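The values are calculated or read from the model by the stated rules, or taken from the named source; none is laboratory data. Computed from a predicted structure; not experimentally measured. Please note: Cβ atoms are built from the backbone with ideal geometry, for glycine as well, and neighbour counts cover all protein chains shown.
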Amino acid sequence: MKKINIAVMISGTGTNLQALIDKIHNKDTGGSIELVISNNENAYGLVRAQNSGIRTAVINKNQYDSALQYEEAFVDILEKSGINLIVLAGYLAFVPDKILEIYKNRIISIHPSLIPAFCGEGFYGEKVHQGAINRGVKVSGATVHFVNEVVDGGPIIIQKCVNVDFDDTVESLQKKVLEIEHEILPLAVKLFIEDKIKVIDNRVKILCHSETDNIDGACEESGF
Ligand code: GRF
């Protein structure tokens with residue numbers, strides 16, 4: 001299996017990063033997290049990376065004189081690290097256009113709702129779960145998708161549901177959803193490493209070994 005060098009981009013706590021470290025990083029999966037990038041120097045995810053001996057970098061557009069310099073510095077660090085796959089794990093900044101172009105269908109992100117519900121500009125963090133509760137939906141969930149130029153608009157790779165109970169609060173729903181995020185994000189990365197994800201006409205087909213394979217089966221098999 002070809003080794004896949006991964007860059008994970010974060011802005012905050014980094015529990016999804018931790019799930020990737022625990023389930024993918026140097027675990028005979030073929031995937032290695034070579035770099036963790038944050039736009040926020042105080043992100044706790046940077047500490048998680050350092051605790052696991054993973055190189056970190058803080059890149060924020062305010063550090064640069066122009067958008068072009070920012071974009072060039074960003075591309076440079078990814079290319080120098082030989083990155084094949086980028087994972088956005090709670091990254092609250094825009095990815096420069098040049099990176100979207102170079103890494104087309106090689107940038108994976110996680111969103112804490114069932115896209116296309118409660119997604120797009122303005123839907124981040126607690127606002128997503130508040131939206132679900134206000135609307136009274138009975139199920140919510142998480143979506144792993146490829147990233148393109150439309151916010152939360154790229155091809156969907158995996159979705160998984162959670163029930164929303166009448167008594168759920170933003171906090172309790174966020175907790176339930178985070179649990180499944182920690183399953184399906186590493187699973188999507190594993191499928192990417194195994195070259196089992198094909199994008200056809202903006203939709204994703206997961207290539208399975210047999211008719212009986214399915215995402216839940218792959219989840220159990222991987223212990224995710
Ligand atoms: C997650 O809910 C993710 O879906 C969203 O941002 C949050 C990041 O959480 N994009 P963490 O930093 O991984 O704990």
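Only a single item in (1) in a loop (DSSP other than H, G, I, E, B); (2) more than 15 Å from the ligand (Cβ to nearest atom) is not met by Phe94, and it is number (2). Whenever a residue of segment 133-153 is in contact (Cβ under 8 Å) with a residue 24 or more places away in the chain and farther than 10 Å from Ala117 by Cβ, its partners that are surrounded by 16 or more Cβ atoms within 10 Å (Cβ to Cβ) and of a type in the set (Lys, Arg), lying with C-beta atoms within less than 7 angstrom and at least six residues away or across chains, give the pairs Ala142/Lys160. Counting only strands (runs of 3 or more DSSP E) wholly contained in segment 1-84, no element carries 2 or more residues that are modelled with pLDDT of 95 or more, small (Gly, Ala, Ser) and within 15 Å of the ligand (Cβ to nearest atom). If the condition is being surrounded by 22 or more Cβ atoms within 10 Å (Cβ to Cβ), within 15 Å of the chain's Cα centre (by Cα) and within 12 Å of the ligand (Cβ to nearest atom), then segment 136-160 contributes Gly141, Ala142, Thr143, Val144, His145, Val147. Of everything listed in (1) more than 13 Å from the chain's Cα centre (by Cα); (2) in the same structural domain as Gly14 (by TED's automatic domain parsing); (3) buried (at least 19 other Cβ atoms within 10 Å of the Cβ), the single unmet condition for Phe118 is (2).
Tallying residues that are more than 16 Å from the chain's Cα centre (by Cα) and within 21 Å of Gly14 (Cβ to Cβ) within segment 25-42 yields 6.
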